[in-house]
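Engineer: Before I ask anything, here is the structure I am working with.
Read-outs: derived from the displayed coordinates by stated rules, not from any lab. Just so you know, these numbers come straight off a predicted model, no measurement behind them. A quick note on method: Cβ atoms are made from the backbone with ideal geometry, for glycine too, and the neighbour counts reach across all protein chains shown.
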């Protein structure tokens with residue numbers, strides 16, 4: 001009960017400062033019957049049938065031979081952020097090891113010029129993306145984050161990102177759907193779109209569909225914690241290859257490669 005009261009207080013405080021955000025906290029929440037998993041989870045087996053290992057995915061996204069083991073070692077040797085740091089943002093919201101490794105390897109192999117990420121939290125996946133861009137020597141990461149209804153969230157978002165990595169990082173605060181729609185020209189022709197924001201069906205479907213359209217040909221959409229049919233429906237409506245990776249978290253990572 002205390003958690004619900006705290007969430008309501010944060011909703012009122014945030015909506016007072018940013019009235020246009022209120023719809024994103026309500027309409028796209030799990031309280032909206034339109035987001036019911038019963039209605040939108042008919043094809044989850046399709047993700048399982050298209051499970052792939054990282055080696056196969058890297059083969060699909062790379063045009064040059066790669067040394068996967070060398071890149072994995074490189075990933076493992078990066079300083080790991082202190083995930084036990086005191087924070088109001090719960091550590092279960094951090095990216096899984098599988099998700100962090102996957103996006104790090106894809107960024108290192110694909111050498112993108114422009115990446116768009118939605119959902120930051122404490123910034124674990126952001127940290128690895130920025131390290132990959134640093135080692136590539138090129139590229140920008142745009143990250144969009146709508147503050148969760150947690151006290152002190154706005155002060156702690158991106159907690160893991162050191163100053164030395166921020167020169168390749170452009171952070172935008174607010175509802176990702178709204179920001180993307182208002183800045184379509186800026187994001188057109190992205191190499192990689194990463195969804196890790198609101199995981200409810202309506203939001204995932206709309207955000208990922210827009211993100212997919214913004215991709216270059218052979219661009220990659222990566223979505224974490226996919227527990228509904230949104231990625232399946234986009235795959236069926238647009239020319240793409242779909243792969244999934246099972247992770248320790250309950251729901252899989254799903255990738256779409258635009259063809």
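Engineer: If each of residue 34 and residue 72 carries a label point 7 Å out from its Cα toward its Cβ, how far apart are those two points in nm?
Structural biologist: 4.3
Engineer: What distance in nm lies between label points placed 7 Å from Cα along the C-beta direction at residue 248 and residue 217?
Structural biologist: It is 4.1 nm.
Engineer: While we're here: Please compute the modelled spin-label separation between residue 155 and residue 84, points set 7 Å along Cα→Cβ, answer in nm with one decimal.
Structural biologist: In this crude label model, residue 84 to residue 155 measures out at 2.3 nm.
Engineer: Further question: Viscosity 0.692 mPa s, temperature 37 °C: give me the Stokes-Einstein translational D for region 116-202 in µm²/s, with Rh taken as the Kirkwood radius over C-alpha pairs.
Structural biologist: Calculated translational D: 243 µm²/s.
Engineer: Considering only DSSP beta bridges where both residues belong to region 112-259, give the percentage that are antiparallel (nearest 5).
Structural biologist: Around 35 percent antiparallel, to the nearest 5.
Engineer: Would you give the gap between the C-alpha center of region 194-248 and the C-alpha center of region 75-149, rounded to a whole Å?
Structural biologist: 18
Engineer: Hey, another quick one. Listed highest first by mean packing, meaning other Cβ atoms within 10 Å per residue, what order do 238-250, 93-105, 72-84, 115-127 come in?
Structural biologist: Ranked by mean Cβ neighbours within 10 Å, highest first: 115-127, 93-105, 238-250, 72-84.
Engineer: What share of the DSSP beta bridges in the chain is antiparallel, in percent to the nearest 5? Intermediate results must be reported in sequence, preceding the final value.
Structural biologist: Details: 10 of 30 bridges.
Restricted to the chain, the bridges split so that about 35 percent are antiparallel.
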